[in-house]
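Structure first, then comments.
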4 protein chains.
Amino acid sequence: GQPLLLIGGPCALESEQLARQVAGTLKAICARLGIRYVFKASFDKANRTSLRSYRGPGITEGLAILSRIRHELGVPVISDIHDVSQVDRAAEVLDILQIPAFLCRQTDLLVAAAETGKPVNVKKGQFVSPWDMENAVNKLRGAGGSRIMLVERGATFGYNNLVVDMRSLPVMRSFGCPVIYDATHSVQLPGGAGGSSGGQREFIVPLARAAMAVGIDGLFIEIHPQPEKALCDGPNSLPLDGIEPVLAQLLRIRAAL
Amino acid sequence: GQPLLLIGGPCALESEQLARQVAGTLKAICARLGIRYVFKASFDKANRTSLRSYRGPGITEGLAILSRIRHELGVPVISDIHDVSQVDRAAEVLDILQIPAFLCRQTDLLVAAAETGKPVNVKKGQFVSPWDMENAVNKLRGAGGSRIMLVERGATFGYNNLVVDMRSLPVMRSFGCPVIYDATHSVQLPGGAGGSSGGQREFIVPLARAAMAVGIDGLFIEIHPQPEKALCDGPNSLPLDGIEPVLAQLLRIRAAL
Amino acid sequence: GQPLLLIGGPCALESEQLARQVAGTLKAICARLGIRYVFKASFDKANRTSLRSYRGPGITEGLAILSRIRHELGVPVISDIHDVSQVDRAAEVLDILQIPAFLCRQTDLLVAAAETGKPVNVKKGQFVSPWDMENAVNKLRGAGGSRIMLVERGATFGYNNLVVDMRSLPVMRSFGCPVIYDATHSVQLPGGAGGSSGGQREFIVPLARAAMAVGIDGLFIEIHPQPEKALCDGPNSLPLDGIEPVLAQLLRIRAAL
Amino acid sequence: GQPLLLIGGPCALESEQLARQVAGTLKAICARLGIRYVFKASFDKANRTSLRSYRGPGITEGLAILSRIRHELGVPVISDIHDVSQVDRAAEVLDILQIPAFLCRQTDLLVAAAETGKPVNVKKGQFVSPWDMENAVNKLRGAGGSRIMLVERGATFGYNNLVVDMRSLPVMRSFGCPVIYDATHSVQLPGGAGGSSGGQREFIVPLARAAMAVGIDGLFIEIHPQPEKALCDGPNSLPLDGIEPVLAQLLRIRAAL
């Protein structure tokens, strides 16, 4: 089969130096391990819990950084789009366009993304059943999209909690799309820290192992050199310097299937 | 206290004639009953389950119809906004701007809505706890918004089902905002009908009675002369010709508190 | 229609004096208000969170107290049964046998209860859908039971939380059984206080109003002269000296339907 | 570490011949694979959805069959207990006493089980959080129990559905007890088939792989020579003749950790 895909990087673009450090280090690790690597960081976090939260450098500076990562480091890049007005600019730079989970039912955004001809990675809404994601796939295909990936990132489970229903992975694979497991946002505690969302870092690796054992095409992990200092999603990011043995273990599980 | 507020009308704008019929009839009923009335219909349904679903006349024609309802019938109007680019145009016509539930965490949309100075009605996301809606209120207030209403429309409860947690009504009222109960979308079965969402019309009135007995400031009900022929949300709309006794009963419950 | 039924009293039997005080006071209040009254207290709390929690006086002493309440105060009595071995002894004293929610699928207990010929009040399990309670009704009817009541007491909603799905009330009424709303256990936070369950007293009355407005046949409320000193379920009990205006308001809502 | 434990067999005891066939075959397979094996079948299914469902041979005949399996085939045996009155008889025969999920909070049953000195295997209630299972452990330890196992079998997720929260496995292991993953009941659809519960056999193996990758001490699987003819839980049982490669794959995942 295909080698594993890793979509990884800091949650939000902080400095260009940090982005280069993460992209370069992960590129080298993935080359050693036989993993396809795509750098991910958001240029704008459009749905932070609070007005005062860090949002990123914005689309102009953000895409410029991502473009340099792509051309100078030779690493494909993915980022979130939130609005039809961003789609064309983003498609000029990004290798893959990502639709955030809250926006996975916004028809115009899906259609605009599909019309660029770029691959589109749709995160399953926390409020959507796995089988209903076929409606998102159909919207994309109806607009000419042919390279579509779907992401599991947890389902609403009472208040301020998500649960990963591992059944979603084979269900969504049955639509004929690669399925990515988002190991970071699946352990988010939405709104669980008052003015921001909390996270359960201790469950990132066990749940990633579980998803790998069920069967997935790729992994999404937010990775930061110093998660405790990350400007976004630190509580559910993994440290860069510990990632290689984690990935190696996940590959051993994949090989055991 | 304040008289009850009714936000009512067809889910989507269909013909202008139908909009006038509903607005005029409800205006007369509400005048008889002592209810403040606001006409609601969407100019664009941006998150339908399928590409082939009816979306409405679009922003230009839709706002024109709403403007005529407002000026010629003397009925205040509310409609959904989905995108920052729509906000200013919508604010020129609408009395109240409504933020759809899926978009209740989109910071830019909330900020743009607040900056118009118009009242903003935010629907609680199906994936948001009642207390976390205070974050939406804080974003609006932080951007200068002062007239804010919040809407209960059901919380994700397993797959393809919503549950109304009536505790949300006093929780959200405690933020100092009027709270509206959306009797229509609370009985939606998301994705429950394959390529579209289903609904449980039989529970609209019992749950509206419940919300009224808990204590609310207003009701949101989709009302159509022929719900079975509605182009959107028919299964959870109420028929126009049966609405007056329903409202009268709800007012009796309110008077009993 | 029938007058409202109130099942009320302290969660567990504490002293006989306290039981008499509550039963006598509630009898008088219900007589004034036109409510049918049944005294409830458990002789044994068989599923407390911790071994060290208060359980009650046990079946022998408990039934003796309940018998004296019944004969000396002229108040019908209901209590929980947990085990087939308790059923016959309990049926000699109690007017109604109550099946706890966790045990609502235990076939032998249901059958034994039905075979006594006494009315049986089955609490809906937190893990059971409203429509599946028809299976409990069918078990009771299959064993000769004809006077069956069903109770809503909240459904599991994520961890350490319950939600009341008010749709359950008409669903269960459709089986041809009177439906009781348990205003006390519906606001329990299971396991929410570490070694015991917590409760949200502030929501008891709003949710009881909601259930009344939906339409119910009876109410179950734990009532204690000093809830803060109750040996069980204090956080979700109401104080005896404030109950009359609460009941009066609930009757006004009922009259408004 | 310890070799993997397999608790396996038909849901309910049907004929002795079938029990011997399953126990003998699984004993041989587990010997080849290096798995510790315990035969499981219920002598009584005390909480079937309908009165007409098959319940098993009852305690007297059931324990006699289990005793012969144990002594003649040399296979340890486990079965459910439902009532304090069954505990001593069951403890004379069984190697491990199992507490059903619905009964995991019944203090007397837990205490009686612990007092036999036998190992006790407690299934986590569908309505209980993983951390609250520490209360069950504390009840058992408080009654002298020292060999305690805990079982994940899915959590209530809306109506007629369960979800496996894989986070529960490390949470429950942190209490110092071996943790078993019940691959059969985790894919049950409670009440999902009208008068009986449905099941999703296609998810048994993927979820078992996931649990194994997270880290567990044992597996519980209902295994039947002809699941489609099983008198109980057929839809979520695995066929006996396909089990060896499934177990072999699960061991490969375990070895990859």
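A few remarks follow.
- Scanning chain B for cysteines with no neighbouring cysteine C-beta under 4.7 angstrom from their C-beta gives B:Cys30, B:Cys104, B:Cys177.
- Taking amide H as placed 1.01 Å from N in the peptide plane, the amide H of A:Thr184 sits under 5 Å from that of A:Glu222, each at least 5 places away or on another chain.
- Of B:Pro245, B:Pro130, B:Pro235, the one that fluctuates the most in a GNM where chain B has Cα springs shorter than 10 Å: B:Pro245
- Charge sum, other residues only, whose C-beta stays under 14 Å from A:Pro239's C-beta, Lys/Arg counted +1 and Asp/Glu -1: -4
- Summarising the label geometry, the points placed 7 Å from Cα in the beta-carbon direction at C:Trp131 and A:Tyr54 lie 5.0 nm from one another.
- Per residue value of the accessible surface for segment D:1-125 (all protein chains in place, 1.4 Å probe), Å²: 34
- Bridges between two residues of the protein assembly as shown, per DSSP, are antiparallel at a rate of about 10%.
- Buried between A and B is an accessible area of approximately 3200 Å², summed over both sides with a 1.4 Å probe.
- Secondary structure note: in chain A, about 10% of the DSSP beta bridges are antiparallel.
- Heavy-atom surface of segment C:212-257, accessible at 1.4 Å and reported per residue (Å²): 33
- Teacher prompt: B:Asp95 distances to equivalent labels in other copies, 7 Å Cα→Cβ, nm: 5.3, 5.4, 7.6
- Percent carbon-and-sulfur accessible area, segment D:101-257, ignoring ligands, DNA and RNA, probe 1.4 Å: 50
- Each label point was placed 7 Å from the Cα along the Cα-to-Cβ direction; for D:Gln21 and D:Glu202 their separation is 2.8 nm.
- Dipole of segment A:1-98 [Lys/Arg +1, Asp/Glu -1 at C-beta], most positive-end residue of A:Ile81, A:Ile96, A:Ile7: A:Ile7
- Karplus-derived HN-Hα couplings along segment B:245-257 (A = 6.51, B = -1.76, C = 1.60, θ = phi - 60°), whole Hz, x at Gly and Pro: x, 4, 5, 5, 5, 4, 5, 5, 4, 4, 6, 7, 6
- Packing around the peptides D:197-203, A:15-21, taken as the average count of other Cβ atoms within 10 Å per residue, puts them in this order, highest first: D:197-203, A:15-21.
- Whether chain B is rounded, prolate or oblate, judged on the alpha carbon gyration tensor where a/c under 1.5 counts as rounded: rounded
- Inter-chain shielding of A:72-83 (mean C-beta neighbours from other protein chains, 10 Å cut-off): 1
- Bridges between two residues of segment D:63-198, per DSSP, are antiparallel at a rate of about 20%.
- Enclosed volume per residue, in Å³, of the convex hull spanned by Cα atoms of the protein assembly as shown: 155
- Peptide A:129-137 - average C-beta neighbours from other chains (10 Å radius): 4
- In this structure, the amide hydrogen of C:Leu6, modeled 1.01 Å from its nitrogen in the peptide plane, lies closer than 5 angstrom to those of C:Arg36, C:Tyr37, C:Val38, C:Leu219, counting only residues at least 5 positions away or on a different chain.
- Looking down the axis that turns chain B into chain D, the chain B residue with its beta carbon nearest that axis, and the gap rounded to whole angstrom, comes out as B:Gly158, 1.
- Neighbour net charge for A:Arg201 - beta-carbon separation under 15 angstrom, K R +1, D E -1: -3
- Coupling constants for segment B:57-64 follow from the phi torsions by the Karplus curve (6.51 cos²θ - 1.76 cosθ + 1.60, θ = phi - 60°), and in residue order they are x, x, 5, 5, 5, x, 5, 5 Hz; glycine and proline get x.
- Charge sum, other residues only, whose C-beta stays under 12 Å from C:Glu72's C-beta, Lys/Arg counted +1 and Asp/Glu -1: +3
- Neighbouring Cβ atoms from other chains, within 10 Å of the Cβ of residues in C:202-212, number 5 on average.
- Residues in segment D:38-51 carry Karplus couplings, in order, of 10, 7, 10, 7, 8, 7, 8, 9, 7, 9, 4, 5, 10, 4 Hz; the curve used is 6.51 cos²θ - 1.76 cosθ + 1.60 with θ = phi - 60°, and Gly or Pro positions show x.
- Label geometry 7 Å along the beta-carbon vector: C:Gly58 inter-copy distances in nm: 3.1, 7.7, 8.2
- For A:Gly1, inter-copy label distances in nm, listed shortest first [label point 7 Å out on the Cα-Cβ vector]: 2.3, 5.7, 5.7
- When shorter helices are ignored and each DSSP H run of at least 4 residues is given -39500 (n - 2.57), the per-residue value for the protein assembly as shown at 222 nm works out to -11000 deg cm²/dmol.
- Straight-line reach from C:Lys27: taking Cα to Cα under 20 Å and skipping same-chain neighbours fewer than 8 places apart, the aspartates and glutamates in range are C:Glu14, C:Glu16, C:Glu72, C:Asp95, C:Asp182, C:Asp217, C:Glu222, C:Asp241, C:Glu244.
The values are calculated or read from the model by the stated rules, or taken from the named source; none is laboratory data. Because the structure is a prediction, the values reported are computed rather than measured. Using ideal geometry, Cβ is built from the backbone for each residue, glycine included, and neighbour counts are taken over all protein chains shown. With ligands, DNA and RNA removed, areas are computed over all heavy atoms of the protein, side chains included. Shrake-Rupley method; radii C 1.70, N 1.55, O 1.52, S 1.80 Å.
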